[in-house]
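The values are calculated or read from the model by the stated rules, or taken from the named source; none is laboratory data. Not measured: the values here are computed from a predicted model. Cβ coordinates were reconstructed from backbone atoms using ideal geometry, including for glycine residues, and neighbour counts include every protein chain displayed. Areas reflect the complete protein model, heavy atoms only, side chains present, ligands, DNA and RNA absent. Shrake-Rupley method; radii C 1.70, N 1.55, O 1.52, S 1.80 Å.
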Amino acid sequence: MNISSPQSRLKILILSTPVGALGSGLGGGVELTIANLATELRSRGHSIEIIAPIDSELGDLSIIQVPGELQLTAQTQELAASIVMPGNPVLANMWAKAREIQADYDIIFNTAFDWLPFYLTPFFDRPIAHFVSMGSQIAAIDLAIHKVAVGYPGSIGVCTRTQAETFSFADLCCVVGGSGVDPAVYEYCAAPEDALAWLGRISPEKALEDAVAAADRTGIKLKIMGKIQDPDYWTQIQRDYPNAPIEYLGFLPTHELQQALRTCQGMLMTPRWVEAFGNVAIEALACGVPVIAYRRGGPAEIITDGKTGFLVEPDSVAGLVEAIGRLSEIDRADCRRAAETVFSQSAWGNVIESWFYRLVG
Ligand code: UDP
């Protein structure tokens, strides 16, 4: 057991996302974030319990499964949207459970980007570390987060500076990073084949069509992996680019994902929105795969231009194509090194552990 801190061991209650069961892919990067963080903190001697929607699975981590209807994802809603709850909301049921058992824990870690956990904060006895995994999406949620940021200083954690700046209260947010990878899970590949990768939820804010357009222009095969969240959008892309050399491999578990990813020359990240972080970027780096990303949001803080990939003008397919032509300039060992040091699970564990100690006081 790796007990890195002389401070006391914490009892940590993690509240999962209410938009999908853990393991379903509907929760996006938060699923891997929870898995990696829970594993890391447990290896440091802290005890971990997770509350998540029914049917959740996360390796050998203990999960309290809660029934109820899933929440709508925030990224599909308008800024002026009202807060909507289904009749029997899993989100409310998860937080009722947390309230019931909170006395057994030192701290609660919230990963839900939704109004209710922020609203409920004053009604809890235990400190809540709110991990805000998206930029500003819905004004009503912004307002609820802002109130907590003012009333509970230091309790709002965001992934990146750029993400914080989407909120009017950026200076009240703590930048705590978005995730960290265990390098042992990802196998380094020094000699790639002639293929590119694109990973993520297949949903309009991720703009997969730009990566497909770049594959179409270069003729280089694009391996696509991820949850099809919006089937109509995916069908439209295939219609628009009938001859693009693309291959959809499905929504893969991490072990298989890294096998398909590691042999690629580069990975394309084409978000149309301000991506808060971008777990897939650090997963690619861990395999030694350089990342070509739009200079926007989290990826622009993860990738060092010219060293671990290229940052190109946002929404420019020509920019992607030009960067693809320069991929051989990148030393893949530098990518792997960044994942082993700056973006490792243990480095991230240090940051989150210190944040928790500060909040527990
Ligand atoms: N992912 C996966 N299997 C796949 C493709 C993606 O498990 O086939 C995971 C990937 O490991 C990452 C997540 O999907 O953790 C996407 O997270 P990211 O932070 O990049 O974007 P988000 O969905 O949170 O906006």
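Here the Gaussian network model covers the chain, with springs between Cα atoms less than 10 Å apart; of Ile128, Ile14, Ile54, Ile54 fluctuates the most. For the residues Tyr119, Tyr105, a 1.4 Å probe over the protein chains yields an accessible-area ranking, largest first, of Tyr119, Tyr105.
Rg of the Cα atoms in the stretch 101-163, relative to 2.2 N^0.38 Å, amounts to 1.08. Of the GluC sites (Glu not before Pro) found in the stretch 163-216, the ones in coil according to DSSP and having at most 16 other Cβ atoms within 10 Å of their Cβ are Glu165, Glu187, Glu193. On a per residue basis, the convex hull of the C-alpha atoms belonging to the stretch 227-282 measures out at 117 Å³. Where q = 0.23, 0.26 Å⁻¹, what log10 of I(q)/I(0) comes from the Debye formula for the stretch 191-253, counting one point per Cα? Listed by q, the Debye log ratios stand at -0.94, -1.18. Our note on the geometry: Cα centres of the stretch 86-106 and the stretch 328-356, 33 Å apart.
Here each label is just a point 7 Å from Cα along the line to Cβ, and for Thr218 and Lys97 those points are 4.4 nm apart. The Kirkwood hydrodynamic radius of the chain, based on inverse pair distances between different Cα atoms, is 20.7 Å. All other residues with a Cβ under 15 Å from the Cβ of Val150 taken together, and with Lys, Arg as +1 and Asp, Glu as -1, what is their net charge? Cβ neighbours under 15 Å give a net charge of -1.
If you take all other residues with their beta carbon under 11 Å from the beta carbon of Gln236, and give Lys and Arg +1 and Asp and Glu -1, the sum is -3. So how far, in whole Å, is the C-alpha centre of the stretch 211-281 from the one of the stretch 124-155? With the stretch 211-281 and the stretch 124-155 each reduced to a Cα centre, they are spaced 32 Å. In a fully extended conformation the segment linking Glu313 and Asp232 would gain 26.4 nm over its present Cα-Cα distance, using 0.36 nm per residue.
Electrostatic tally near Ile220: other residues with Cβ closer than 12 Å to its Cβ, Lys and Arg +1, Asp and Glu -1, net -1.
In this label model, Val185 and Arg239 are separated by 3.7 nm, measuring between points 7 Å along each Cα→Cβ vector.
With a cut-off of 18 Å on the backbone N, the residues of the stretch 124-160 near the modelled label site 7 Å out from Arg358 along Cα-Cβ are 127-133, 146-160. Spread over its residues, the convex hull of the C-alpha atoms of the stretch 288-344 is 61 Å³ per residue. What the pair-distance distribution of the stretch 241-352 shows, using all Cα-Cα distances binned every 5 Å from zero, is 2, 12, 21, 24, 21, 14, 4, 1, 0, 0 percent.
The average projected area of the stretch 250-311, computed from the convex hull of its Cα atoms over all directions, is 4.1 nm². Here the extension length gained between Ala170 and Glu329 equals 53.6 nm, from 0.36 nm per residue of separation less the Cα-Cα distance. Between Val342, Val19, Val181, the GNM of the chain built on Cα springs shorter than 10 angstrom shows Val342 fluctuating the most.
What the Cα convex hull of the stretch 129-262 gives, in volume per residue, is 142 Å³. P(r) tail for the stretch 5-74, what percent of Cα pairs lie past 14 Å? Above the 14 Å cut-off, the stretch 5-74 has 56 percent of its Cα pairs.
A Stokes-Einstein calculation at 4 °C with viscosity 1.567 mPa s, built on the Kirkwood radius of the stretch 53-129 over Cα pairs, returns a diffusion coefficient of 93 µm²/s. Working from Cα pairs under 8 Å separated by at least six residues, relative contact order for the chain is 15 percent.
Across q = 0.12, 0.13, 0.18, 0.19 Å⁻¹, the stretch 43-190 modelled as identical point scatterers on its alpha-carbon atoms has Debye log10 I(q)/I(0) values of -0.57, -0.66, -1.21, -1.32, in the order of the q list.
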